[in-house]
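The values are calculated or read from the model by the stated rules, or taken from the named source; none is laboratory data. Everything quoted here is computed from the prediction, not taken from an experiment. When we count neighbours, we look across all protein chains shown, and the Cβ atoms used for this are built from the backbone with ideal geometry, even at glycine.
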Amino acid sequence: MGVPMNCSRTFRMNSFQAGFSYLWVLLLVALLGLGLTLAVEIDSTIAQRDKEKALLVIGRQFRTAIGRYYEAQLSGGKHDYPATLDDLLKDNRVAGVKRHLRKIFVDPMTGKPEWGLVQLSGRIVGVHSLSDKTPIKQAGFEAEDSGLRGKQKYSEWVFVYPADLMLQVDTGVASTAEAINKKAEDQSSKNEVKDGLKHE
């Protein structure tokens, strides 16, 4: 005696439905995986944008502190940049306690309180991150940060005092060191002329 026709047909239909359900489960797992991947990527992008905002705020604080240190006139009307970042925490050039910065901030891009220093004649004129990651923000900076436009690494986001110390030369873009040297020499010459006029 053979298998009844109805049983054979039922078995085939159950196998077909089981195979179809298996495909749906696979598709659902794939979609969930894709959704989780996108969620992680979006979260990572949001976190990086938040770190960029923090870097801009901290960089401006360093710029302001360096500016305050520089503008605090010494005897004879001399201006000077700090020799170390610790000089911004406690200015030993004046009597009493004068702080231009309350602490050395952690670089939000690296998570360390270490900064690249932009120096001129052994004095600090600015700071930059040590991160080589590519910035998300490429435009839309405030006027004082316009030099950050189009940079390919966070380490190229340089915060100097004065903000326009980074400049473009007629022959093209100068290297950071060349641009700083030229601008600082111009600034120094202007201050010497001003100081000379005050003493006359």
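Does the stretch 75-86 include one or more residues that are within 26 Å of Q138 (Cα to Cα), surrounded by fewer than 16 Cβ atoms within 10 Å (Cβ to Cβ) and in contact with a helix residue (DSSP H, G or I) (Cβ under 8 Å, 6 or more places away or on another chain)?
If we filter the stretch 75-86 for residues that are within 26 Å of Q138 (Cα to Cα), which is where we start, we get none.
Scanning the stretch 75-86, I find no residue that is within 26 Å of Q138 (Cα to Cα), surrounded by fewer than 16 Cβ atoms within 10 Å (Cβ to Cβ) and in contact with a helix residue (DSSP H, G or I) (Cβ under 8 Å, 6 or more places away or on another chain), so the answer is no.
Against the numbered list (1) more than 24 Å from D50 (Cβ to Cβ); (2) part of a loop (DSSP other than H, G, I, E, B); (3) at pLDDT 95 or above; (4) of a type outside the set (F, W, Y), R99 comes up short only at (3).
Residue check: L117 meets all listed conditions (1) closer than 25 Å to I42 by Cβ; (2) touching a residue at least 24 places away in the same chain (Cβ under 8 Å) but one, namely (1). Sub-7 Å Cβ pairs linking a first residue in the stretch 41-63 that is under 14 Å from W115 (Cα atoms) to a second residue that is modelled with pLDDT of 90 or more and among the charged types (D, E, K, R), at least 6 apart or interchain, are L56/D145, ordered by first then second residue.
Mind checking which residues of the stretch 30-64 are among the hydrophobic types (A, V, I, L, M, F, W, C) and modelled with pLDDT of 85 or more? Steps first, please.
Just the residues of the stretch 30-64 that are among the hydrophobic types (A, V, I, L, M, F, W, C), to begin with: 30-32, 34, 36, 38-40, 42, 46-47, 54-58, 62.
Answer for the stretch 30-64, where residues must be among the hydrophobic types (A, V, I, L, M, F, W, C) and modelled with pLDDT of 85 or more: A30, L31, L32, L34, I46, A47, A54, L55, L56, V57, I58, F62.
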